[in-house]
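Undergrad: Sending over a structure as structure tokens; questions will come in a sec.
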Amino acid sequence: MTKLYTADFETTTCEPSSVWAWALCEIENPNNIIMGEKIEDFFETCKKLKNPKIYFHNLKFDDSYILDYLLRNNWEWHRDKKECVENDFTTLISDDGKFYSTDVYFKKSKKKTVKISIVDSLKILNMPVRAVAKAFDLPIKKGEIDYNRHNTPCEVTTNEWDYLKNDVQIMAMTLKIMIKNGFDKMTIGACALADYKLDMGKDFERYFPTLDLLTDSKIRMSYKGGYTFANPENQGKDIGKGIVFDVNSLYPSVMFSRPLPYGKPLEFEGKYKQSKDYPLYVQNLRCMFELKPNHIPTIQLKNNPFFMSTVYLESSKNRLTGVDEYVELCLTCVDLELFFKHYNVKNVQWLGGYMFKQSTELFRAWVKKWSDRKEHADKTGNKGQRTICKLMMNNLYGKFSTNPYVASKYPYYDNENKIVKYKDIEYELCDENGNPIYDENGNVKTTNKTIRTPLYIPVGTFVTAWARYTTIMASQKIHETSIKETGKSRYLYSDTDSIHLSGFEYPTCIDIDSRALGKWKHESTFERARFLQAKRYIEDEILIDDNGNLMKNTYGDYITELKITCAGMPDKCYKYVTWENFQTGAKYKGKLNPKTVQGGIILIPIEFSLNAKKC
């Protein structure tokens, strides 16, 4: 039986870099910890554990030392595990630099190969070790050490061993809980999907048939992310008092109650015609448009040089010439409804699409199962189970959207620079019969893409569409209603599942409930705020006491804490951010930039620049 372990390396912060301490912790028995000081000893220890599976948290960092060691010592990389024998290894690294696994093969006995399987626990628990300990309410917490102390030779202190021990124990205790609940796949999305398939049984393939790649690619054009928008009327300005509302479990609530597609889609030409059996659809169209007065924009255009891809557009006017342009859109019927509600649309040419059967029951029982478990965990104070329930409910829909076209890289050693580098894995192009395709010179054509079977993109595209619909409709109601009542909009900002608005008064135009799935919960209250751009804002959040009351000091002033949301800014920068210096163009200490050096990866301190995003 394969034994499971967590592991961690402590490394020097200068080049060339090296491992100065390591630890292994048995997941089934977190008190069983093995520690050492050299990477060579780490491998010798692993070899004696008999085919262990080892979880590193943020494998990309630790694997840089493993791959450097293997390649420097003449281990050979193979694409196919079946080719691996003694002193071979294989990897799973995506083209965008995500590290999933490394398998290291030591020797081949008469019956089987002895190997260690190394995987990334960050793909299951996407949060820092410190946050993991808090989320699962563990009896131990992450410590602190001086990472630069071992840049010159010195002994490992007791405090440093305790720090390392805590890290691997935290992850071992947490993964023990996860695995006990049946979640042992490589990613949290795969865990959620496996659980859902178990509930669905044989019905899964009937409801979610495999689509051909062309159909998948056409429907995939309608797949978009969450709605994040800063009201330009207040952008960059200092805002006074306000409140924030969050949707209770936005994506699970959509899966629980909204009509979602299933079955084989039917392709149609021109404009969709109402169908009782196929009421959901994805529509392609060509048109011009202009935002209606007092409406917030909902449309972005990707891969079009005449429009900024990150901006929600007020019109179809070319940003360079100011001339109205025909634009092509691929929208779900949910997004199409919003489009015509918010814009004056003209010169429409309907270009066909796909229509689907619908049901509100596909995920209802599954979401209810996890929602009920989450509620029970809340009542019993079981933070670990509560975290698992949230992870399950929030990570299923994305798995349906997995792109079938996959590109991977493999590691090699650059002898001149003495570092590990990466190249695209090339695959031979074949025809429908599996025969190689040759170019004019007689060479086999290659590509860096390989194809896996798509799951069912219609679910992903409609779940995200309904999520945007929920946030946009509520944001628009607040925006429009407050203008009618006072002549000025209270609407400040939307961030996927939250709405930020000025004033302390609860809006009467949205459904507010602190617990009900899909309704809006009063999340926080702020004394002042500043929204620079999407995903870049600060709020002086007012603290609340145990009774839910806003806290004040002896002078009657609100007691606040600066809450920072800034895409790309590491947490370590937060201590340098103040109300006064959170401005476009500001720079902050605390960012660490990874650099590949001899030995592995080191983190170089640099400044984080709060530059304006292109709009």
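Undergrad: With no solvent and one equal point scatterer placed on each C-alpha of the chain, evaluate the Debye formula and give log10 I(q)/I(0) for q = 0.11, 0.13 Å⁻¹, two decimals.
TA: Summing over Cα pairs of the chain leads to -1.35, -1.64.
Undergrad: Contact order normalised by length for segment 1-71, with contacts defined as Cα pairs under 8 Å and 6 or more residues apart; what percent is it?
TA: Value for segment 1-71: 34 percent.
Undergrad: If I stretch the segment between ALA194 and LYS383 completely, what's the gain in nm (0.36 nm per residue apart, minus their alpha carbon distance), one decimal?
TA: 65.8 nm
Undergrad: Let me ask another. Find the accessible area per residue for segment 475-615; the probe is 1.4 Å, ligands and nucleic acids are left out, and the unit is Å².
TA: Using a 1.4 Å probe on heavy atoms only, each residue of segment 475-615 averages 55 Å².
Undergrad: Sticking with this one: Starting from the Kirkwood radius over alpha-carbon pairs of segment 112-211, derive D by Stokes-Einstein at 25 °C in a medium of 0.890 mPa s and give it in µm² s⁻¹.
TA: The calculation lands on 147 µm²/s.
Undergrad: At 1.4 Å probe radius, can you tell me the per residue accessible area of segment 175-268 in Å²?
TA: Here the per-residue accessible area is 46 Å².
Undergrad: Whose amide H sits under 5 Å from the amide H of ILE419, counting only residues 5 or more places off or on another chain, with H placed in the peptide plane?
TA: Under 5 Å from the amide H of ILE419 lie the amide H atoms of ASP414, each far enough along the sequence or on another chain.
Undergrad: What is the chain's relative contact order, in percent, from Cα pairs under 8 angstrom and six or more apart in sequence?
TA: Relative contact order comes out at 17 percent.
Undergrad: Further question on the same structure: Calculate what fraction, in whole %, of the accessible area of segment 346-497 sits on carbon and sulfur atoms when a 1.4 Å probe is rolled over the protein chains.
TA: Carbon-and-sulfur percentage of accessible area, whole number: 44.
Undergrad: Now for a separate question. How about segment 491-533: which trypsin sites (Lys or Arg not before Pro) there are in a DSSP loop, with at most 12 other Cβ atoms within 10 Å of their Cβ?
TA: Answer by residue number: ARG515.
Undergrad: Students sometimes get this wrong: rank ARG149, ARG452 by accessible area, probe 1.4 Å, all chains present, largest first.
TA: Final ranking, largest accessible area leading: ARG452, ARG149.
Undergrad: With all protein chains present, calculate the accessible area of GLU361 using a 1.4 Å probe and round the result to the nearest 10 Å².
TA: We get 110 Å² for GLU361.
Undergrad: Net charge near THR360, counting Lys/Arg +1 and Asp/Glu -1 over other residues with Cβ under 15 Å of its Cβ?
TA: +3
Undergrad: On to the next question. Provide Rg and Dmax in Å for segment 431-513, with only Cα atoms included in the calculation.
TA: Using the Cα atoms of segment 431-513, the pair Rg, Dmax is 25.2, 74 Å.
Undergrad: Please turn the phi angles of segment 395-403 into ³J(HN,Hα) values with the Karplus equation 6.51 cos²θ - 1.76 cosθ + 1.60 (θ = phi - 60°), one per residue in order, whole Hz, x for glycine and proline.
TA: Once θ is set to phi - 60°, the couplings for segment 395-403 become 10, 7, 4, x, 5, 5, 9, 3, 6 Hz.
Undergrad: Ok, one more. Ranked by accessible surface with a 1.4 Å probe, highest first, in what order do HIS376, HIS342 come?
TA: HIS376, HIS342
Undergrad: What FRET efficiency comes out for ILE559 versus LYS477 if R0 is 41 angstrom and r is the Cβ-Cβ distance? Round to the nearest 0.05.
TA: 0.80
Undergrad: Each label point is 7 Å from the Cα along the Cα-to-Cβ direction; what then is the distance between the points at LYS50 and ASN303, in nm?
TA: Each label point is offset 7 Å from its Cα along the Cβ direction, giving 5.3 nm.
Undergrad: Mind checking the dipole of the chain: about its Cα centre, +1 per Lys or Arg Cβ, -1 per Asp or Glu Cβ, Debye to the nearest 20?
TA: The dipole magnitude comes to about 1080 debye.
Undergrad: Please give the solvent-accessible surface of CYS573 in Å², to the nearest 10, using a probe radius of 1.4 Å with every protein chain present.
TA: Using a 1.4 Å probe on the heavy atoms, I get roughly 0 Å².
Undergrad: Quick one: the Cα spread of segment 505-555 along its three principal axes, in angstroms, biggest first?
TA: Its Cα atoms span 37, 34, 17 Å along the three principal axes.
Undergrad: What per residue convex hull volume, in Å³, comes out for segment 337-425 when only alpha-carbon positions are used?
TA: That works out to 300 Å³ per residue.
Undergrad: Next question. Could I have the simple spin-label model distance between THR13 and LYS418, label points 7 Å from Cα toward Cβ, reported in nm to one decimal?
TA: 2.2
Undergrad: Determine ³J(HN,Hα), in whole Hz, for all residues of segment 181-194 in sequence, where each value follows from phi through the Karplus function 6.51 cos²θ - 1.76 cosθ + 1.60 and θ = phi - 60°; x replaces Gly and Pro.
TA: 3J(HN,Hα) across segment 181-194, in whole Hz: 8, x, 9, 10, 6, 6, 10, 5, x, 5, 5, 5, 5, 4.
Undergrad: Further question on the same structure: Just by accessible area at a 1.4 angstrom probe, what is the order of LYS264, LYS563 from largest to smallest?
TA: Final ranking, largest accessible area leading: LYS264, LYS563.
Undergrad: Heads up, I need the accessible area for VAL420: 1.4 angstrom probe, whole protein in place, Å², nearest 10.
TA: 10
Undergrad: Over segment 1-58, average the accessible area per residue using a 1.4 Å probe and give it in Å², no decimals.
TA: 46
Undergrad: Please report the Cα spread of segment 224-295 along all three principal axes, rounded to whole Å, starting with the longest.
TA: Largest first, segment 224-295 extends 51, 35, 18 Å along its Cα principal axes.
Undergrad: Whole number please: convex hull volume per residue of the Cα set in segment 206-261, in Å³?
TA: Looking at segment 206-261, the number lands at 137 Å³ per residue.
Undergrad: Taking every eigenvalue of the Cα gyration tensor of segment 449-598, multiplying by 5 and rooting it, what semi-axes result, largest first, whole Å?
TA: Semi-axes, largest first: 31, 28, 16 Å.
Undergrad: Let me ask another. So for segment 167-234, taking the charge dipole from beta-carbon charges (+1 Lys/Arg, -1 Asp/Glu), which of PHE229, ALA194, THR174 sits furthest toward the positive end?
TA: The Cα lying farthest towards the positive end belongs to ALA194.
Undergrad: Then there is this: Taking θ as phi - 60°, what are the ³J(HN,Hα) couplings along segment 42-59 by the Karplus curve (6.51, -1.76, 1.60), each to the nearest whole Hz, with x for Gly and Pro?
TA: 4, 5, 4, 5, 4, 4, 7, 7, 6, 6, x, 10, 10, 9, 9, 9, 6, 4
Undergrad: Sum up the charges of everything whose Cβ sits under 11 Å from the Cβ of ASN304, counting Lys and Arg as +1 and Asp and Glu as -1, but leave ASN304 out.
TA: It works out to a net charge of 0.
Undergrad: Let me ask something additional. Using modelled backbone amide H atoms (1.01 Å from N, in-plane), which distant-in-sequence or interchain residues come within less than 5 Å of TRP75's amide H?
TA: none
Undergrad: Can you tell me the FRET efficiency between ASN74 and LYS346 if r is taken as the Cβ-Cβ distance and R0 is 51 Å, rounded to the nearest 0.05?
TA: Approximately 0.15, to the nearest 0.05.
Undergrad: Counting Lys +1, Arg +1, Asp -1, Glu -1, what net charge surrounds SER408 among other residues with beta carbon under 12 Å of its beta carbon?
TA: Result for the neighbourhood of SER408: +2.
The values are calculated or read from the model by the stated rules, or taken from the named source; none is laboratory data. What you see is a predicted model; the values in this text were computed from it and never measured. FYI the Cβ positions are ideal-geometry reconstructions off the backbone, even for glycines, and counts take in every protein chain you see. Only protein heavy atoms, including side chains, enter the accessible area calculation; ligands, DNA and RNA are left aside. Shrake-Rupley method; radii C 1.70, N 1.55, O 1.52, S 1.80 Å.
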